[in-house]
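Worksheet for the structure shown next.
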Amino acid sequence: QVQLVESGGGLVQAGGSLRLSCAASGRIFSINDMGWYRQAPGKQRELVAVISNGGSINYADSVKGRSTISRDNAKNTVYLQMNKLKFEDTAVYYCNFDILVPITRQRRVYWGQGTQVTVSS
C-alpha cells in the first residue's frame, strides 16, 4: 500500500502565495510522473501541473508563469509553489503519483486526499 499526504493549503488573499506539498510513503519501487490536479465546485477535476521522473514539466495555461512544480525524489515528495493567486484558483488540490511497486514492478496510480485552497478577492 501507498499513502499520499498533502499539506500547505489554506486561505490566502488574491495576489498572495501558497506552497503545497505531497509526500508518498509505503511500498514504492520508483515514481514516474508526479502531478497536481484541482477541482472547483461544480467543475471537473483538471490538471494543474505535472513533472516526470526525468524532470519534464507541463503546466495548465491558467497557472503558467505563476506556478512552479518541483520534486524531491529522495523524499518521494512533490511541491507546487503558487504565486499571484487569483480568486479562480480556489479549489481542492489533489496530488497524483504514477508509481511502480516493488517485485512485480506493476504500475499504480495514487491520489492524495485533497487540500483546500481558498483565494479571497
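Please enumerate the residues belonging to the stretch 17-31 that are more than 18 Å from residue 119 (Cβ to Cβ), touching a residue at least 60 places away in the same chain (Cβ under 8 Å) and exposed (fewer than 14 other Cβ atoms within 10 Å of the Cβ). Walk me through how you get there before you give the answer.
Within the stretch 17-31, the subset more than 18 Å from residue 119 (Cβ to Cβ) is 21-31.
Next cut, touching a residue at least 60 places away in the same chain (Cβ under 8 Å) only: 22, 24, 27-31.
Once the filter is applied, which keeps residues that are more than 18 Å from residue 119 (Cβ to Cβ), touching a residue at least 60 places away in the same chain (Cβ under 8 Å) and exposed (fewer than 14 other Cβ atoms within 10 Å of the Cβ), the stretch 17-31 yields 27, 29, 30.
Could you say which residue among 89, 33 is at pLDDT 95 or above and under 22 Å from residue 15 (Cβ atoms)? Spell out how you get there, then give the answer.
Working: 33 fails: under 22 Å from residue 15 (Cβ atoms).
Answer to the selection: 89.
Restricting to the stretch 42-57, count the residues that are within 12 Å of the chain's Cα centre (by Cα) and either within 17 Å of residue 18 (Cα to Cα) or open to solvent by less than 40 Å² (accessible area, probe 1.4 Å) (or both). Steps first, please.
Here is the first cut: in the stretch 42-57, the residues within 12 Å of the chain's Cα centre (by Cα) are 46-51.
Narrowing further to those that are either within 17 Å of residue 18 (Cα to Cα) or open to solvent by less than 40 Å² (accessible area, probe 1.4 Å) (or both): 48-51.
Number of matching residues: 4.
Whether any residue in the stretch 98-109 is at pLDDT 95 or above, under 16 Å from residue 38 (Cα atoms), assigned to a strand (DSSP E or B) and in contact with a strand residue (DSSP E or B) (Cβ under 7 Å, 6 or more places away or on another chain) is what I want to check.
No, the stretch 98-109 contains no residue that is at pLDDT 95 or above, under 16 Å from residue 38 (Cα atoms), assigned to a strand (DSSP E or B) and in contact with a strand residue (DSSP E or B) (Cβ under 7 Å, 6 or more places away or on another chain).
Of 60, 14, which residue is out of contact with any Ser or Thr (no Cβ under 8 Å at 6 or more places or on another chain), farther than 25 Å from residue 3 by Cβ, open to solvent by less than 80 Å² (accessible area, probe 1.4 Å) and not β-branched (Val, Ile, Thr)?
Details: 14 fails: out of contact with any Ser or Thr (no Cβ under 8 Å at 6 or more places or on another chain).
Within the list 60, 14, the selection yields 60.
Run residue 7 past the list (1) in contact (Cβ under 8 Å) with a residue 40 or more places away in the chain; (2) in contact with a strand residue (DSSP E or B) (Cβ under 6 Å, 6 or more places away or on another chain); (3) surrounded by 14 or more Cβ atoms within 10 Å (Cβ to Cβ) and report the number of the one that doesn't hold.
The one condition residue 7 does not meet is (3).
Is there a residue in the stretch 73-88 that is without any contact (Cβ under 8 Å) to a residue 40 or more places away in the chain and either open to solvent by less than 40 Å² (accessible area, probe 1.4 Å) or in a strand (DSSP E or B) (or both)?
no
The values are calculated or read from the model by the stated rules, or taken from the named source; none is laboratory data. Every value quoted in this text rests on a predicted model; they were computed, and no experiment measured them. Using ideal geometry, Cβ is built from the backbone for each residue, glycine included, and neighbour counts are taken over all protein chains shown. With ligands, DNA and RNA removed, areas are computed over all heavy atoms of the protein, side chains included. Shrake-Rupley method; radii C 1.70, N 1.55, O 1.52, S 1.80 Å.
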